[in-house]
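The values are calculated or read from the model by the stated rules, or taken from the named source; none is laboratory data. This is a predicted model, so every value here is computed, not measured. Cβ placement follows ideal geometry from the backbone for every residue including glycine, while neighbour counts extend to all protein chains displayed. Accessible surface areas use protein heavy atoms only, side chains included; no ligands, DNA or RNA. Shrake-Rupley method; radii C 1.70, N 1.55, O 1.52, S 1.80 Å.
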Amino acid sequence: MIAEKLVQTYKVSFDQNNQELALAGSMRPQRAAEMADCVKLLETSLASIRGTFYVNVKRLVRLNNVAFHSLAGALLKAAEERPDIKITIITSSVIGWSTKKFGTLTAKNPKIVVEEYDSEFYPGQAFLEEGGFVPVLRTQTKLTWKHERAILPRHGLEPGMTMADICCGIGDFAVLVAKEFSPSRIVALDHSKSSLAYARQVASEFDIGGIEYIYGDAAEMLLEDGQFDFVSCRHALQIFNKPEMIVNELVRICKPGGRVYVTNEKISQCLGEPRGPSIEWTYEQLSKLFADFDMDLEFGPKSYQALQRAGLEDLRIESFMVTNRDGDAQAFADMIMAWEEMFAGGMSEKRGDDAAFVEKFRRGFEDHIAAALHPGGYAGWPVWVASGRKPR
Amino acid sequence: MDLGAGQTEAGEFTLLLEFDMDMAGFTSNWSYCDRLSTYFARMISHNRSDSLLYSNLFSSALNELLETVYRLHAPTGSFVCSVSRNGAKDRIALTIPVDTETEGFYRDAVVVLNGGDVSPRYHNALFSDGPLQPNIGLLELAVDYAACFSIEPADGNAIRLIAELTLEASAP
Ligand SMILES: C[S@@+](CC[C@H](N)C(=O)[O-])C[C@H]1O[C@@H](n2cnc3c(N)ncnc32)[C@H](O)[C@@H]1O
């Protein structure tokens, strides 16, 4: 499952602009002499910089003691001989061993610091990863599935395919796909340990085996190139400040000829009647609130171009509206209630909004709930689906 | 370092995977250490709750053991590597052909590993000048992976080096 190419080889490169030496792959030499080129590049890079020198080992999957000993020797030597510099080593929690291993250098010389890169990765992380989000995701997926189960085949999902759901959250989508489309392999990746723990529990309670839940960073996945027929990423591009990084990774792990499938919202377009204007106002504010936290909840219609720019072909885009008339008005209302708590409660407070704003902000959510439960009401939440084929 | 050693009977472990090879064959190519540890890690990590993370850690640990054996063994005989599992615990057993000198190395190493906190030794070894100490991989397993080591005699001129590891808090 770990990239095959990494097994035999590693890459070292120095980026002068960022004063960053990046090591990636697998370094398991037999003799220290085999490290000579790498150590030389490390030394010449160090000689060329001022201030902080970054060593990026986020994608260094394997490292034996022979290699570590050589690297450590060169780094410690530089830290001692150059009082003017600091060395920052950037590790990834996904690798497992690296933060601890490189951390031994700090004990030896405090000028060498280790930062675990993905512990605070995307802007809204704190809001979305905390436990409160779980019930919202469950309800959302229940509601979107009614539409997506019919939409997915139009975007190329067929039984027996290998697939990956990236940013899987609590994994409900993977479970539903596993039941309905019997993929031959399904990997579900997320960066929230609590969501994954929940996902595993759900799968085991429902006795659904075979879903490979993986902790990982969607921006730098350790999955091999070109191994999935279908790669989905739902409601997630919209929360990253650099969605193109994620799209590139989705394309990378997709097989040539396979398809990448993304869904996103345009939250300002949520609607309802009665009390349309109050509802519209609140969702426009919600869109701005997310923007203040560097998240683009208007991403839905932009996803076409995002896939096009990533080089995909045979692009398809459509939208669907989750509504209170889909058969479960209460579930719709529950979802909006949870949004109100998370957004008008937690997030708006965090931005420092005053009480009058929060009250008006809340009213729109309440009107949306009322519209959903009203005997003649109509309440909607639109979602955009886009997919494209990776060239052969 | 006696975390649970002796708590579990050998019988409770189920064999997951075993591999044997002529020592001369194994030591003909350094990359076998990497390939074997990666292969084993992949094969046995599927039903751990985070297979990729587990496989990364397992591969790192097993590779250090294999590199140690690659360097220290008797020239002839058969090398066996097996992994068995008991819940969250995985047991790596290596049957290593030895002569007096290499047997002494493994026996002394295990005495040290079981003789209290070895982290100062490990850290010294990591940053020593000159060539690496041959026991560094074993020290790393004891310190970073909380491995428990033991040695059993094996048929012929061989020993069985056993390392037990718990790389994940609990089994799913
Ligand atoms: C809005 S949720 C959507 C979850 C799921 N796809 C769904 O539709 O219910 C976004 C998810 O992205 C995950 N995520 C955020 N940053 C990530 C990263 N760098 N790598 C992987 N997953 C990430 C979060 O943990 C969260 O589960």
Going by what's in this entry, would A:VAL202 be described as more than 21 Å from A:VAL247 (Cα to Cα), hydrophobic (A, V, I, L, M, F, W, C), modelled with pLDDT of 90 or more and in contact with a helix residue (DSSP H, G or I) (Cβ under 7 Å, 6 or more places away or on another chain)?
no
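Does A:VAL231 qualify as being open to solvent by less than 20 Å² (accessible area, probe 1.4 Å), at pLDDT 95 or above, closer than 30 Å to A:PHE361 by Cβ and assigned by TED's automatic domain parsing to the domain that holds A:SER182?
Details: open to solvent by less than 20 Å² (accessible area, probe 1.4 Å): yes; at pLDDT 95 or above: yes; closer than 30 Å to A:PHE361 by Cβ: no; assigned by TED's automatic domain parsing to the domain that holds A:SER182: yes.
No; evaluated as a whole, the condition is false for this residue.
From the list B:ASP50, B:ASP117, which one is of a type in the set (D, E, K, R), open to solvent by 40 Å² or more (accessible area, probe 1.4 Å) and modelled with pLDDT under 95? Walk me through it before giving the result.
On the way: B:ASP50 fails: open to solvent by 40 Å² or more (accessible area, probe 1.4 Å).
Being of a type in the set (D, E, K, R), open to solvent by 40 Å² or more (accessible area, probe 1.4 Å) and modelled with pLDDT under 95 holds for just one of B:ASP50, B:ASP117, which is B:ASP117.
Just to verify a result, which residue in the range A:234-249, among those that are in contact (Cβ under 8 Å) with a residue 24 or more places away in the chain and outside any helix (DSSP H, G or I), is least open to solvent (accessible area, probe 1.4 Å)?
Of the range A:234-249, the ones in contact (Cβ under 8 Å) with a residue 24 or more places away in the chain are A:234-241, A:243-249.
Of the ones still in play, those that are also outside any helix (DSSP H, G or I) are A:234-236, A:240-241.
Details: A:ARG234: 26, A:HIS235: 33, A:ALA236: 4, A:PHE240: 20, A:ASN241: 95 Å².
That would be A:ALA236.
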With A:ARG154, A:ARG138 as the choices, which residue is assigned by TED's automatic domain parsing to the domain that holds A:MET295, farther than 15 Å from A:LYS193 by Cβ and modelled with pLDDT under 95?
A:ARG138
Going residue by residue through the range A:196-215, is there one that turns out to be within 13 Å of the ligand (Cβ to nearest atom) and away from every other protein chain (no Cβ under 14 Å)?
no
Of the criteria (1) within 15 Å of the ligand (Cβ to nearest atom); (2) open to solvent by 20 Å² or more (accessible area, probe 1.4 Å), which one A:ALA188 fails
(2)
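Just the residues that are away from the ligand (no atom under 16 Å from the Cβ) and not in a strand (DSSP E or B), please, taken from the range A:257-278. Outline the logic, then answer.
First, pick out the residues of the range A:257-278 that are away from the ligand (no atom under 16 Å from the Cβ): A:257-259, A:268-269, A:271-278.
Once the filter is applied, which keeps residues that are away from the ligand (no atom under 16 Å from the Cβ) and not in a strand (DSSP E or B), the range A:257-278 yields A:SER268, A:GLN269, A:PRO274, A:ARG275, A:GLY276, A:PRO277, A:SER278.
Give the range A:299-320 a look and list any residue that's free of Cβ contacts under 8 Å to residues at least 60 places away in the same chain and crowded, with 16+ Cβ neighbours inside 10 Å, or say none. Spell out how you get there, then give the answer.
Step one: of the range A:299-320, the residues free of Cβ contacts under 8 Å to residues at least 60 places away in the same chain are A:302, A:305.
Scanning the range A:299-320 gives a single hit, A:LYS302.
How many residues are more than 18 Å from the chain's Cα centre (by Cα), part of a loop (DSSP other than H, G, I, E, B) and at negative phi if we restrict to the range A:295-331? Talk me through it step by step, then tell me what you get.
To start, the set of residues in the range A:295-331 that are more than 18 Å from the chain's Cα centre (by Cα) comprises A:301, A:304-305, A:308-309, A:311-331.
Filter once more, keeping what is part of a loop (DSSP other than H, G, I, E, B): A:311-312, A:327-328.
Filter once more, keeping what is at negative phi: A:312, A:328.
Going through the range A:295-331 one residue at a time, the tally reaches 2.
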If you go through the range A:218-228 one residue at a time, how many are surrounded by fewer than 20 Cβ atoms within 10 Å (Cβ to Cβ) and either modelled with pLDDT of 95 or more or more than 9 Å from the ligand (Cβ to nearest atom) (or both)?
4
Go through (1) under 13 Å from the mean Cα position of the chain (by Cα); (2) surrounded by 21 or more Cβ atoms within 10 Å (Cβ to Cβ); (3) in a loop (DSSP other than H, G, I, E, B) one by one and return the number of the condition B:ALA93 breaks.
(3)
Considering each residue of the range A:354-392, count those that are open to solvent by less than 40 Å² (accessible area, probe 1.4 Å) and at pLDDT below 95, and give that number.
1
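Does A:ASP165 satisfy being away from chain B (no Cβ under 14 Å), buried (at least 22 other Cβ atoms within 10 Å of the Cβ), within 30 Å of A:ALA24 (Cα to Cα) and within 15 Å of the ligand (Cβ to nearest atom)? I'd like the intermediate steps shown before the answer.
Working: away from chain B (no Cβ under 14 Å): yes; buried (at least 22 other Cβ atoms within 10 Å of the Cβ): yes; within 30 Å of A:ALA24 (Cα to Cα): yes; within 15 Å of the ligand (Cβ to nearest atom): yes.
So A:ASP165 fits the description; yes.
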